[in-house]
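Everything below concerns the one structure shown next.
The values are calculated or read from the model by the stated rules, or taken from the named source; none is laboratory data. A quick note: this is a predicted structure, and the numbers were derived from the prediction, not measured. Note: ideal-geometry Cβ built from the backbone for every residue, glycine included; neighbour counts use all protein chains shown. For accessibility, only protein heavy atoms count, side chains too; no ligands or nucleic acids. Shrake-Rupley method; radii C 1.70, N 1.55, O 1.52, S 1.80 Å.
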Amino acid sequence: MSGFSAPHCGSLRASDEGRELELYGWVARRRDHGGLIFIDLRDRWGAIQVVFNPAHAPQAHTNASDLRSEYVVRVEGKVARRRPGAENPRMPTGEVEVVASDLEVISVAKTPPFAIEDDVEADEATRLKYRYLDIRRPKLTHNLELRHRVVQAIHRYMDAHEFMEVETPMLLKGTPEGSRDFIVPSRLHPGEFFALPQSPQQLKQLLMVAGIGRYYQIARCLRDEDLRADRVVEITQLDVEMAFCTEEDVFELIEGLWAKVWKDVLGIDIPTPFRRIDMRESLLKYGTDKPDLRFDLEIADVSDALRETGATVLRGALDAGGVVRCFAVPGGKDMSRRELDDLAVLARGAGAKGLAWAPGPLDRHLSEGEMAAIKSAAGAGADDIVLLVADRRRKAETVMGLLRREIARRRKLVRHGEWNFLWVYPMYLFEEDDLGNLTYGHHPFTSPWPEDMALLAERPYDVRARAYDCVLNGVEISGGSIRIHDRELQERVFGILGMDEERIGTQFGHLLDAFEYGVPPHGGIAAGIDRLMMAIVETDNIRDVVAFPKTQSHQDLMLGAPSSVDPKQLEELHIQVIPPEKPS
RNA sequence: GGUCCCGUGGUGUAGCCUGGCCAAACACGCGGCCCUGUCAAGGCCGAGAACGCCGGUUCGAAUCCGGUCGGGACCGCCA
């Protein structure tokens, strides 16, 4: 028996009428009328109704009464148009049905722990444990299929543009830079470790020195960091590097790529070029470096108007060198105190000292002029309410960004169906970390703007970077930069970042050495396929686009990983486990 | 590292604030019977949870308290 080349359940149409066939699939649903029995038979392509008629095939009908959900069966029969009035317009196969003449149960099934349907949401842990059942849900199957088609479109496009796919090693050298490495012990070198790639960053630059010129790879990258709704441990990224290019070449390539993907996969024409927004403008107006422009709610700075205010909660933050930011909620006058308190809880949860609103309890501490300035800056109308946060700049931005998204979600201000691509560009070479120290904004190989070179020593924070992020509907789908290709400049930047020569040598010596053997100017970009898919299927949960995701605590509930290993294996690796201290 | 939410039959919820009327309700699913055109099929009958786990308070706890485990959201972190 081979059903491999049998027709697909979900692919049958009116044009197949009269066809004698064998079908293989899972029983999605059974409707037993005593006389007639209907089943919906499901496979990856969809579902088709099969009808068992005792008058037509008594044995098949008898067998069919034993069918249960998720049994795997083989059906022999004939495709027939449904009788008039019995068509089901909600099913793509709804004009026809298969009249069964024979039925074979290939495999029986226990009752699944949750219904294999799109609208039934079971407990997350249960779904992850039985991921193979969750994937049977048409929605998830569809998402994985879309992902496949996106990746195929990417391959076609990159190949057409003469990019060469090159594989890079999984076992690399660890770096203290960036995110935490996953490390792999070396059996042959006791006490030494490989690191799994966070990205093939240095290797792709070395491929440019190697003269490959146009490189791409759909690569796995692993980062041992805490998870979020839009983060997984193992991400898949389209990694691209190109020689002799400028940012404009990268923009054009990637705009063309997304246009191609949208056209091929979704049949949608997206306009190019994408709009561009300065990183600082984005942080100010949208409170994030990945703004979602499917809704408005623009944030304004009202610090200057409130320098002398009597409202101490605002004044305190300003006197401490902070800022006051605000935005208007259209029609927000109707928000209840409870709703506003809810938002305040959210704001405090994100680290804000509090949330103010106007009109609100703060009114009596604000002068008429101050109130007018707030309303005007926020663009508030008579029915609107203005939300205000006073804090350190970065905190205020984070909180306002969070509130902006929350308000849009709650008040349904998101214009679904819009594809708002944009470039965040330029970005800035350096940022201040939590301790007030200077650190890199993108990564230490990013080239400064030539015009800003003079500022490197005096005002490093104002040095623009030749770095860019591509953002779609609030999701950062790719980011990259033009790299430094000059050994001296690279060393200078490392120096500004506070790295000493020895560290530069051990961490980046190979790259700097390579730059002495003829290096082309180069740059590139990496696109997160998981997040891209999130935007395409409009989900805010990355698990909807990954076949086998892990939990927030990095566990695979289906495989039971991680798990302990045989002591012999550890011995071979010269590894001793120190159990965590247990609080008594 | 931190904050918050959730954990009741196979699944989703109700009950928990205001302890006893809760060996716990409802829907779906599941099992049986009836039913020849349904497609969330329908009708009738039935089984199924001592309320994540441990401890405490109390005459009495699903309900209150502490801890713990698991899931999730967020801040930090993620170049």
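Quick look at the values:
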item: Criterion: open to solvent by less than 30 Å² (accessible area, probe 1.4 Å) and closer than 24 Å to A:Gly310 by Cα - qualifying residue of A:Ala328, A:Ala350; result: A:Ala328
item: Residue that is farthest from RNA strand B (Cβ to nearest atom) [pool: residues in segment A:186-227 that are surrounded by fewer than 17 Cβ atoms within 10 Å (Cβ to Cβ) and assigned to a strand (DSSP E or B)]; result: A:Phe193
item: Residues being open to solvent by 20 Å² or more (accessible area, probe 1.4 Å) and closer than 19 Å to A:His142 by Cα - total across segment A:1-12; result: 3
item: Residue in segment A:33-45 that is out of contact with any helix residue (DSSP H, G or I) (no Cβ under 7 Å at 6 or more places or on another chain), more than 10 Å from RNA strand B (Cβ to nearest atom) and of a type outside the set (Lys, Arg) present; result: no
item: Residue count, segment A:420-452 (criterion: acidic (Asp, Glu) and more than 9 Å from RNA strand B (Cβ to nearest atom)); result: 3
item: Filter result for the condition that a residue is of a type in the set (Gly, Ala, Ser), surrounded by fewer than 20 Cβ atoms within 10 Å (Cβ to Cβ) and either under 22 Å from the mean Cα position of the chain (by Cα) or not in a helix (DSSP H, G or I) (or both), over A:Gly381, A:Gly369; result: A:Gly381
item: Residue count, segment A:46-72 (criterion: within 22 Å of A:Thr111 (Cα to Cα), within 10 Å of RNA strand B (Cβ to nearest atom) and among the small types (Gly, Ala, Ser)); result: 3
item: Segment A:222-247 residues that are under 14 Å from A:Leu532 (Cα atoms), paired with ones that are of a type in the set (Asp, Glu) and outside any loop (DSSP other than H, G, I, E, B) (beta carbon under 7 Å, 6 or more apart); result: A:Val232/A:Asp530; A:Ile235/A:Asp530; A:Thr236/A:Asp530
item: Cβ-Cβ under 6 Å pairs, at least 6 apart or on other chains, segment A:60-77 side within 13 Å of A:Ala47 (Cα to Cα), far side assigned to a loop (DSSP other than H, G, I, E, B); result: A:Glu70/A:Ala109; A:Glu70/A:Pro112
item: Set A:Asn63, A:Asn53: member being open to solvent by 30 Å² or more (accessible area, probe 1.4 Å) and touching a helix residue (DSSP H, G or I) at 6+ places or on another chain (Cβ under 7 Å); result: A:Asn53
item: Filtered residues of segment A:555-573 (kept if of a type in the set (A, V, I, L, M) and loosely packed, with under 11 Cβ neighbours inside 10 Å); result: A:Ala561
item: Candidate set: segment A:394-418, residues that are touching a strand residue (DSSP E or B) at 6+ places or on another chain (Cβ under 8 Å) and open to solvent by less than 10 Å² (accessible area, probe 1.4 Å); chosen: the one farthest from RNA strand B (Cβ to nearest atom); result: A:Ile407
item: Members of segment A:435-463 that are open to solvent by 20 Å² or more (accessible area, probe 1.4 Å), more than 23 Å from A:Arg392 (Cβ to Cβ) and touching a strand residue (DSSP E or B) at 6+ places or on another chain (Cβ under 7 Å); result: A:Trp449
item: Output for segment A:244-286, where each listed residue is within 23 Å of A:Pro200 (Cα to Cα) and open to solvent by less than 20 Å² (accessible area, probe 1.4 Å); result: A:Cys245, A:Glu247, A:Val250, A:Phe251, A:Leu253, A:Ile254, A:Glu255, A:Leu257, A:Trp258
item: Per-region count, segment A:102-116, residues within 13 Å of RNA strand B (Cβ to nearest atom) and open to solvent by less than 50 Å² (accessible area, probe 1.4 Å); result: 5
item: Condition check for A:Arg492: among the basic types (Lys, Arg), more than 30 Å from A:Glu145 (Cβ to Cβ) and open to solvent by 10 Å² or more (accessible area, probe 1.4 Å); result: yes
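Matching residues to (1) open to solvent by less than 50 Å² (accessible area, probe 1.4 Å); (2) away from RNA strand B (no atom under 15 Å from the Cβ); (3) within 16 Å of A:Glu241 (Cα to Cα):
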{"site": "A:Ser478", "(1), (2), (3)": "yes, no, yes"}
{"site": "A:Ile484", "(1), (2), (3)": "yes, no, yes"}
{"site": "A:Glu502", "(1), (2), (3)": "no, yes, no"}
{"site": "A:Gly505", "(1), (2), (3)": "yes, yes, no"}
{"site": "A:Asp513", "(1), (2), (3)": "no, yes, no"}
{"site": "A:Glu516", "(1), (2), (3)": "no, yes, no"}
{"site": "A:Ile525", "(1), (2), (3)": "yes, no, yes"}
{"site": "A:Asn541", "(1), (2), (3)": "yes, no, no"}
{"site": "A:Ser553", "(1), (2), (3)": "no, no, no"}
